[in-house]
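See below for the structure under consideration.
The values are calculated or read from the model by the stated rules, or taken from the named source; none is laboratory data. Source: prediction; values computed, not measured. A quick note on method: Cβ atoms are made from the backbone with ideal geometry, for glycine too, and the neighbour counts reach across all protein chains shown.
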Amino acid sequence: MPNKRRLKKPVKILIICLSIFVLLGGSFAFALYGPWKNFRVWLITSAMTTMNHQYLATIFYSDKTIDEVLKDNYVKESGEDTDVNQIVFNQYSSSTMYLNKYEKEILTHNSNDSYKRIDITGDKMRGYLVAIYDPSKVKVAVSKYMGTKGQMLTTMAKNNGAVVAMNASGFVDPNYNSNGGVPHGIVIQDGKVLSNKPRPGGNGGLIGFNHENKLVLSRMTAEQAVKAGIRDAVDFGPFLIVNGKPSFVKGNGGWGSAPRSAIAQRKDGIVLFLVMDGRDYAHGIAGADMVDLTEILLNYGAYNAANLDGGTSCGLVIDNKLVNKPINGNGQNLTRAIPNAWIAVK
């Protein structure tokens, strides 16, 4: 039976459900409770990782059913920390032999280009991957009002002179109405700890660049991070790839399909920003899950990679323009205010 204690927006939901039943008869109920699990798994894992719309699962399913689905869909990280000695910055020439088409896409660019955008299409997915060729240009930007309220990604990009910007960590969201001002976990900018709030338990940890411009994925305290020479960092997860080894993902990883963002670094030092669209059901674009993110990043040579905040927070700004096509939980073409971002400066 549905868990009525956790019912949110009951009138709206009842109207939606009644409309669906009238239009589709019993087919919706069959999808919800029938013998095939795909729809149930998709709905539960997608809803339970949102901030505002967990009720889309809890209105239909008991806590026991939700827990059973989540136990069959999870990410198990390797437990390793990044071995930065494996990252060796390479200079390529026009005679470079490419391993595959993805390698060619990354490495074929004008010598004066600081970045290259690659569109990800196919298999009901739409996304945008940006290769940043100089990792020293990748930094953390924060809301001017961090601790009080967040800012839009486009604003942070403009304020910080970013040529490329992408959302970064999650944030405290009591009652699902946060203004994005208080980040979860550690935030370090230019070697200084700007925030050190608790982050909900689970996978992931510190995602940061050290003074050698190498991406470090590790579970460490803010004090340990500063001592380790971390110059810019946020706190999120799960870690998708560490030292070339992908995390074990069972099912869809427990995160469902939604707009997603991730950051990675190749073994040659090139940094990858990845933003995937979602919730565009009119065009069959539900979003990406942890399996999708990992596969895309592995294709493009990621050696270390981590998931970032998703959903309505997802954004990619290039030259002060929003590139991706966000759709929030209410179907509007909007992102939301966030506490920090990964940027690439000139």
Residue list for the range 259-295, restricted to those being more than 10 Å from the chain's Cα centre (by Cα), closer than 27 Å to Phe39 by Cβ and either part of a helix (DSSP H, G or I) or without any contact (Cβ under 8 Å) to a residue 60 or more places away in the chain (or both):
Gly278, Arg279, Tyr281, Ala282, His283, Val291, Asp292, Thr294, Glu295
Kindly indicate the residue of the range 165-177 that is surrounded by fewer than 24 Cβ atoms within 10 Å (Cβ to Cβ) and touching a residue at least 24 places away in the same chain (Cβ under 8 Å) and also farthest from Gly269 (Cα to Cα) among those meeting that condition.
Tyr176
Filter result for Lys139 (within 30 Å of Gly201 (Cβ to Cβ) and part of a loop (DSSP other than H, G, I, E, B))
no
Tell me the strands (runs of 3 or more DSSP E) entirely within the range 168-238 that contain at least 1 residues that are acidic (Asp, Glu) and closer than 20 Å to Thr155 by Cβ.
230-236
Applying the selection to the range 115-162, what residues are in contact with a helix residue (DSSP H, G or I) (Cβ under 8 Å, 6 or more places away or on another chain) and either closer than 24 Å to Leu293 by Cβ or modelled with pLDDT under 95 (or both)?
Lys116, Ile118, Ile120, Met125, Arg126, Gly127, Leu129, Ala131, Ala141, Ala162
Across the range 293-336, what is the number of residues that are more than 19 Å from Gly150 (Cβ to Cβ) and at pLDDT 95 or above?
20
Just name the residue that is surrounded by the fewest Cβ atoms within 10 Å (Cβ to Cβ) out of those in the range 197-218 that are under 15 Å from Val84 (Cα atoms) and out of contact with any Lys or Arg (no Cβ under 8 Å at 6 or more places or on another chain).
Glu212
Taking the options Leu99, Leu70, name whichever one is touching a helix residue (DSSP H, G or I) at 6+ places or on another chain (Cβ under 8 Å), closer than 23 Å to Thr294 by Cβ and modelled with pLDDT under 95.
Leu70
Identify the residue in the range 60-83 that is more than 22 Å from the chain's Cα centre (by Cα) and crowded, with 20+ Cβ neighbours inside 10 Å and, among all such residues, is nearest to Gly202 (Cα to Cα).
Ile66
